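In what follows, a structure is listed as structure tokens, so that the remarks can point back to it.
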Amino acid sequence: MSKNILLLNANPKAESLSRLLADQYQIEAREHFDVRRFDLPEMDFQPSLESGYDAIQPLEPCLQDFQEQLKRADHIVIISPIWWGGLPAKFKGLIDRTILPGSAFRFEADHPAPVQLLRGKTARIILTMDAPPEMLREQAQPVLTQLDRFTLQFCGVTPAETTLFGSVIFSTEAERAGWVSTVKTLGAGGI
């Protein structure tokens, strides 16, 4: 049985390092695994969860597809930049609109802990940033806490493996080639 991988390029820019890295991951992974890819710039949706959980906000077709592929996936790969110490707004909107009660988790009466509906899945989070190499972990930590601990793990995904690349703005061609090589290796192994 082939592993089902959900691959998300979470950079809202049409052309980006995240897209390049997602391309390279996909090229290698699709040789051995079933890869379903989403590119944030190509997804057309309202990023604001207008009523929170107080009312149902119908999902646009791309969000319905993302939500279904998230349920189907064995492994989730997210490639995102860090902007101003956080996630890009549209990526946060994707999370708010699709990681919903009844789909990724549910609450049962009188019990504060969620029933985790994404149990058994693994994840890899690849983050790019302009921080210097000695500050990568420090800058990434708030994003990893939000994305891994309080989103993916909250829904039952095992703690994510992480890969950090930076400083993008000051990187050399050789450094970027090394990052591409790393991502190709991850893709070939489906990790």
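Key figures for this structure:
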quantity: Accessible-area composition of the range 90-173, carbon plus sulfur, in percent [1.4 Å probe]; calculated: 56
quantity: Unit charges at the beta carbon, dipole of the chain: most positive-side option, 7, 46, 188; calculated: 188
quantity: Degrees, to the nearest 10: 89-98 long Cα axis against longest axis of the chain; calculated: 40
quantity: 14 Å beta-carbon shell around residue 30, net charge (K/R +1, D/E -1); calculated: 0
quantity: Translational diffusion of the range 54-116, µm² s⁻¹ [Kirkwood Rh, Cα pairs; Stokes-Einstein; 10 °C; 1.306 mPa s]; calculated: 117
quantity: Folded to 0 to 90 degrees: helix 17-29 orientation relative to the chain principal axis, Cα; calculated: 80
quantity: Relative contact order [Cα under 8 Å, 6+ residues apart], the range 112-191, whole percent; calculated: 42
quantity: Å² per residue, accessible surface of the chain at 1.4 Å; calculated: 50
quantity: Long-range tail of P(r) for the chain (Cα pairs > 22 Å, %); calculated: 46
quantity: Gaussian network model of the chain, springs between alpha carbon atoms under 10 Å - residue of 125, 27, 78 with greatest fluctuation; calculated: 27
quantity: Amide H contacts under 5 Å for residue 163, placed H, 5+ residues apart; calculated: 125, 126, 127
quantity: Distant-in-sequence amide H partners of residue 131 (H built 1.01 Å from N, under 5 Å); calculated: 168
quantity: Relative contact order (percent, whole number), the chain, Cα cutoff 8 Å, 6+ residue spacing; calculated: 26
quantity: Share, in percent, of DSSP beta bridges within the range 88-169 that are antiparallel, nearest 5; calculated: 35
quantity: Dipole in debye (nearest 20) - the range 1-140, about Cα centre, beta carbon charges: Lys, Arg +1; Asp, Glu -1; calculated: 320
quantity: Mean ellipticity per residue at 222 nm, deg cm²/dmol - from DSSP H runs of n ≥ 4 across the chain, formula -39500 (n - 2.57); calculated: -10000 deg cm²/dmol
quantity: Shape of the range 1-69, Cα gyration tensor, a/c cut at 1.5; calculated: oblate
quantity: DSSP bridge pairs, the chain: antiparallel proportion in percent, nearest 5; calculated: 15
quantity: Total lysine pairs whose alpha carbons fall under 18 Å of each other in the chain (8 or more apart, or interchain); calculated: 6
quantity: Centroid-to-centroid separation of the range 27-84 and the range 122-160 [C-alpha atoms, Å]; calculated: 17
quantity: Charge dipole magnitude, Cβ of K and R +1, D and E -1 - the range 60-191, Cα centre, debye nearest 20; calculated: 240
quantity: Loop-located chymotrypsin sites (Phe, Trp or Tyr not before Pro) in the range 65-148 whose Cβ has at most 15 other Cβ within 10 Å (DSSP); calculated: 84
quantity: Gyration tensor (alpha-carbon) shape descriptor, the range 105-191, a/c threshold 1.5; calculated: oblate
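The values are calculated or read from the model by the stated rules, or taken from the named source; none is laboratory data. Note that the structure is a prediction, hence the values are computed from the model and not measured. Neighbour counts run over all protein chains shown; Cβ positions are idealised from the backbone, glycine included. Just so you know, the surface numbers come from the protein's heavy atoms only, side chains and all, with ligands and any DNA or RNA stripped out. Shrake-Rupley method; radii C 1.70, N 1.55, O 1.52, S 1.80 Å.
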